[in-house]
Amino acid sequence: MRYGMVIDLDLCVGCRTCAVVCKEHNAQAPGTWWNRVFTPGSKYHQIPAEAEGGFSMYYLPVSCMHCENAPCEKVCPVGATYTDERGRVLIDYERCIGCRYCLSACPYGVRQFNWEDPKGAKARAGYQEGYSYGYPFPHRDKEGRLVYTPDRPKGVVEKCTFCVQYTDKGEEPICVQSCPAGARLFGDLDDPNSRINQVLRKEKGERLLEELGTKPKVFYLPPKRK
Amino acid sequence: MKTGNLALGFLGGLRKERGEATSGMSKANLVFRLGQVLTVVGLVAWGLQLKNGLFITGLRNPFAWGLYIATFAFFVGTAAGGLIISSAVYLFNLKTLKPFTRLASLSAFASIVAATAAVLVDLGRADRFYQLFFHPNFRSPLIWDVLVVGTYVVLTFLSVYFQLLPIGAKEGGRFPFAWATSLPRDQVEDISRRWTRRVALVGLPVAILIHTITALIFATQASRAWWNTAVLPPDFIAVAVASGTALVLIMALFTIDRHRFREFQGAFRLLSKIIGGALLVHFFFMYNDLLIHWWWGKEEAAGTLALVFGRYLPLHLIEVVLPLAALLYFLSRDGARSVGALVLGATAVLVGVFAHRLLLMYPAQNRFPLSLALPGKTGFWNYPIAVGQFRPGEPVFATFWPYLPTVLEVAVALLPFGLLLLISGWFIRNHPFLGESS
Amino acid sequence: MSRPAPLEAAAKFIKSGRIEFYREEETFRRSGESLPTHKRPFAESEYALNPSVRGKYRLAYITRNSLYRIHSNHSNNLWMNELEDYRPKVFLNPTDAAERGIKDGDLVELYNDRGRVRGQAVLDPGQGPGIAIFEQGWWSRYLEGDSYNALTYPFIKPTNEVYFVPGIWAPNTAWNEALCDARKVGER
């Protein structure tokens, strides 16, 4: 099984719902965003960018690409970043030594470091006493590696896990569940009958920075008009 | 609180012994004391960093490696001096440099310890350092760097140790030399010579490996145009020869008595020539690489070059002009005539190399791999990255990170410098380090 | 979800029970709006209130909804603030901005005789000329104590007052019937 995702950029309306629910469900501290949506080439989201022969405006959601040839996994000196049996690139929060080599190696800028204790950042944000958000339980893989916990330890790296806590239960990642435009599809790249493979047979999916050979498992259907 | 007591202890020691140190070893003692102070400052700052997180540095998600890694690369470079010089003496029979082999090994040992400290303070979870041994991932250049740097720490220490053995055994044979006191003097000399040579023979390839693998940490990253070049490992070696030799030169000038300067002038001239030659090779590599990127005009490379020759031009000028001035100075007639001139030149080289190491970070980090070239413009658009810090009132998504080390970060970075001074000061104070000129 | 007004409530003013393009109430006839008609902007509002503002303030002041709020709800939601850089913005057409010496990212002020509001200039080539847009809902704590509604005036269209069926047909302020101009007050 190899999980993958297809994002149809013609359907994406740039509402950033995926980014916000990702932040919520994965309990990201203020200042940390695993999932981002921007308007390529533009300083401001949803403002047209200068482009060849005029202007262009489309929206590009970017989170972890779960690369087959993942540079982050290769550079990790302690194997804290690994690809699991379902093709998800995960981080063992109990093994990461915080060297941040993976932040330098990742071409997509998706890796986020815990520069301070996330509990501290959340406390400073001034939430109501006793308030917390996100999936509340720690989640471990089959070998017992800690791949999700609401408050990551200080000094480790974190990023999108394809919502490991949900996909392990057969649910889709929260960005897929929540997209109001239905722009995101999620499924098994090894299953020829999965919906994403049906779509990818019909339309040519493109991957970001394909020339680097990282072989992402997130495909984009490019906008027909930019 | 422990560190606080430690600090007081050190300062107390400083006060007590200030009066005694008057001649001969006094300079070394001063260096040792300065090393103590810097080490304590660095340790206290590191303690604060461990408590609060790397939050206290100027680094953030868009700019993940900075002063610490630059300092690490700098000290890996200066660590070359030792074994390159001792190897040159043994392999090429350069007798003029023989009096400096002990000192060179010491500079290598002190530098590589400093480099280890620099990379240790960079870790977000230094407490999990043991994971490197329990779960090594041999595809990572970093694990190989840990291995070769670790080996180099041991080898340089052994090199210093075996060279000191005859003296140590003669001077009453305290702890690490005690076993040799019962042996005949000739035999001790023989062991020293034989093992120093053996360590040097193993050491030379390891010395080359530490630069190669440290360079490979960067050069393997195909997504960063600034690093991804095959010239980086040879260039690291060139820079290492220049900066390592410059450090040995400074330490040698520092150790000799002023009136013996003439005696060693030939050796100093040779050292400064090695520095100059290595710098020429370094500039040759660097500008070849830049030229190739510029000529083809690929958009990623153009964006990086725009950073090097635009925003970071001052740093680039420092890395080029200072060593270049030193180089011309060394090659000139007056360059090797006085202690002051040589120290000035070697210092300029070291400062320039440090700037070079800092510049290894800036254009690589601030040209995000995921970016768009803008039509008809020299600039580029970096896909924004969340900085990873709660900062109310300030934008959280950055397309550029104006990295500047914080005061506390600089204080932490004093730790490796402190250790270098501490180790070299201690050894030079307690043991004769200068050999007889041939 | 938005549904059409219930028939019994609408029956009060839609006597035919169908969409009506012709109204014959006194107010409609007097305003010349018995049939759908175009009226020149500001003629019956700003220019009627104070003729001297004609030509003095040359931008229509539009307070649109933001992607990041529901009116003023979530104005203090820090995730939403992070998504919009904690910066209230003034959206201008690049030509209007150039005329006023405003560059992208400048701190600009929208002002008229009634008040002012400040924000970061965003030049939107897709936006029509003669319009300044400010996103409604920012609390005044983000606006140096100003309020974006200081620039508006409670103009009420007379035809709005013909019936009073709350939520369906009732008087409301014509928020976007306001003139302003823009000037640069600082750089960011």
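The values are calculated or read from the model by the stated rules, or taken from the named source; none is laboratory data. Model, not experiment: these values are computed from the prediction. FYI the Cβ positions are ideal-geometry reconstructions off the backbone, even for glycines, and counts take in every protein chain you see. These accessible areas exclude ligands, DNA and RNA; they are computed on the full protein's heavy atoms, side chains included. Shrake-Rupley method; radii C 1.70, N 1.55, O 1.52, S 1.80 Å.
Worth pointing out:
- Given chain B, longest segment not containing exposed loop trypsin sites (Lys or Arg not before Pro) (DSSP; at most 15 other Cβ within 10 Å): B:175-297
- Drop in accessible area of at least 20 Å² in the complex versus isolated chain, residues of the range C:32-70, 1.4 Å probe: C:Leu67, C:Tyr68
- In percent, rounded to a whole number, the relative contact order of chain A is 32, using alpha-carbon pairs under 8 Å and six or more apart.
- Stretching C:Ser16 away from C:Ile168 to a fully extended chain increases their span by 53.0 nm, per 0.36 nm per residue minus the current alpha-carbon distance.
- Dipole magnitude for the range B:59-403: about 540 debye, using +1 per Lys or Arg Cβ and -1 per Asp or Glu Cβ, origin at the Cα centre.
- For chain B, calculated [θ]222 nm from helices alone, where every DSSP H run of n ≥ 4 adds -39500 (n - 2.57): -23500 deg cm²/dmol
- With Cα atoms, 0 to 90° folded angle of helix B:339-359 axis to chain B main axis: 30
- Distance histogram in 5 Å bins (all Cα pairs of chain A, percent per bin): 1, 7, 14, 18, 20, 17, 12, 7, 3, 1, 0
- Listed residues B:Ser105, B:Ser86, B:Ser223, most fluctuating in chain B (Gaussian network, C-alpha, under 10 Å): B:Ser223
- For the range C:41-186, the equivalent ellipsoid derived from the alpha-carbon gyration tensor has semi-axes of 25, 21, 13 Å in decreasing order.
- Peptide C:83-95 - average C-beta neighbours from other chains (10 Å radius): 3
- Whole-number percent relative contact order across the range C:1-76, with pairs defined as alpha carbons under 8 Å at least 6 apart: 12
- With contributions of -39500 (n - 2.57) from each DSSP H run of at least four residues, the per-residue ellipticity at 222 nm computed over chain A stands at -4500 deg cm²/dmol.
- Nonlocal amide H pairs with A:Leu221, under 5 Å, H built at 1.01 Å: A:Ile7, A:Asp8, A:Leu9, A:Glu206
- The residues of the protein assembly as shown expose, per residue, 44 Å² of accessible area to a 1.4 Å probe.
- Average partner coverage of A:85-98, which counts Cβ from other chains inside 10 Å: 3
- Cross-link partners of A:Lys217 among lysines (Cα-Cα below 24 Å; sequence separation of 8 or more within a chain): A:Lys23, A:Lys74, A:Lys142, A:Lys159, A:Lys169, A:Lys202, A:Lys204, A:Lys226
- Fluctuation leader among C:Ser75, C:Ser45, C:Ser34 - chain C, Gaussian network, Cα springs under 10 angstrom: C:Ser34
- Near A:Phe38, the amide H atoms lying under 5 Å from its own belong to A:Leu60, A:Val62; only residues 5 or more places off or on other chains count, and H is placed 1.01 Å from N.
- Sparse packing (at most 11 other Cβ atoms within 10 Å of the Cβ) combined with a DSSP loop state is found for the following GluC sites (Glu not before Pro) in the range A:1-107: A:Glu52, A:Glu85.
- Packing, as the average of other Cβ atoms within 10 Å across residues, places the peptides A:118-125, C:157-164, C:131-138 in the order C:131-138, A:118-125, C:157-164, highest first.
- For the range A:54-69, Karplus couplings with θ = phi - 60° (6.51, -1.76, 1.60), whole Hz, Gly/Pro x: x, 10, 9, 8, 9, 10, 10, x, 9, 9, 4, 8, 6, 4, 6, 10
- Shielding by other protein chains, B:51-63, mean Cβ within 10 Å: 5
- The range B:59-403: relative contact order as a whole-number percent, Cα under 8 Å and 6+ apart: 23
- Calculated FRET value between B:Val339 and B:Leu34, using beta carbons and R₀ = 25 Å, to 0.05: 0.85
- Amide H partners (placed H, <5 Å) of A:Thr149, local residues excluded: A:His139
- Sequence-ordered 3J(HN,Hα) estimates for the range B:159-170 from the Karplus curve with 6.51, -1.76 and 1.60 and θ = phi - 60° stand at 4, 4, 4, 5, 6, 7, 3, x, 5, x, 5, 5 Hz, glycine and proline given as x.
- Long-range Cα-Cα pairs in the range B:304-355 (distance over 14 Å), rounded percent: 54
- Net lengthening on full extension, B:Arg197/B:Leu313 (0.36 nm per residue, minus Cα-Cα): 37.3 nm
- Dimensions of the protein assembly as shown along the principal axes, based on C-alpha atoms and rounded to the nearest Å, stand at 125, 63, 56, largest first.
- Filtered chymotrypsin sites (Phe, Trp or Tyr not before Pro), the range C:50-106: DSSP coil and at most 12 other beta carbons within 10 Å: none
- Projected label distance in nm at B:Thr347 and C:Asp113, using a 7 Å step from Cα toward the beta-carbon: 7.1
- Sparsely packed chymotrypsin sites (Phe, Trp or Tyr not before Pro) within the range B:118-171, loop by DSSP, other Cβ within 10 Å at most 15: B:Phe129, B:Tyr130, B:Phe138
- Mean residue ellipticity, 222 nm, helices only, chain C: the sum of -39500 (n - 2.57) across DSSP H runs of n ≥ 4, divided by residue count and rounded to 500, is -3000 deg cm²/dmol.
- Fraction of C-alpha pairs exceeding 22 angstrom in the range B:339-438: 60 percent, rounded to a whole number.
- Top positive-direction residue, dipole computed over the range C:41-186 with Cβ charges, set C:Ala43, C:Thr173, C:Gly126: C:Ala43
- Fraction of beta bridges assigned by DSSP in chain C that are antiparallel (%, nearest 5): 65
- Rh by Kirkwood over Cα pairs, then Stokes-Einstein D for the range B:59-403 at 0.890 mPa s and 25 °C, µm²/s: 113
- Taking A:Gly79, A:Gly134, A:Gly31 in turn, the Gaussian network model of chain A (Cα-Cα springs below 10 Å) assigns the largest fluctuation to A:Gly31.
- Theoretical gain in end-to-end length, C:Ser34 to C:Leu67 [0.36 nm per residue, Cα-Cα removed]: 8.3 nm
- Rounded tilt (10° steps) of B:185-219 against the dominant C-alpha axis of chain B: 0
- Farthest towards the positive end of the charge dipole of chain C, among the residues C:Ser75, C:Leu92, C:Val162, is the Cα of C:Val162, using unit charges on the Cβ of Lys, Arg, Asp and Glu.
- The ellipsoid equivalent to the alpha-carbon distribution of the range C:51-133 has semi-axes of 24, 15, 11 angstrom, derived from the gyration tensor eigenvalues as √(5λ) and listed largest first.
- Calculated from backbone phi, Karplus (6.51, -1.76, 1.60) coupling profile of the range A:119-132 in Hz, x at Gly/Pro: 4, x, 4, 5, 5, 5, 5, x, 5, 4, 3, x, 7, 9
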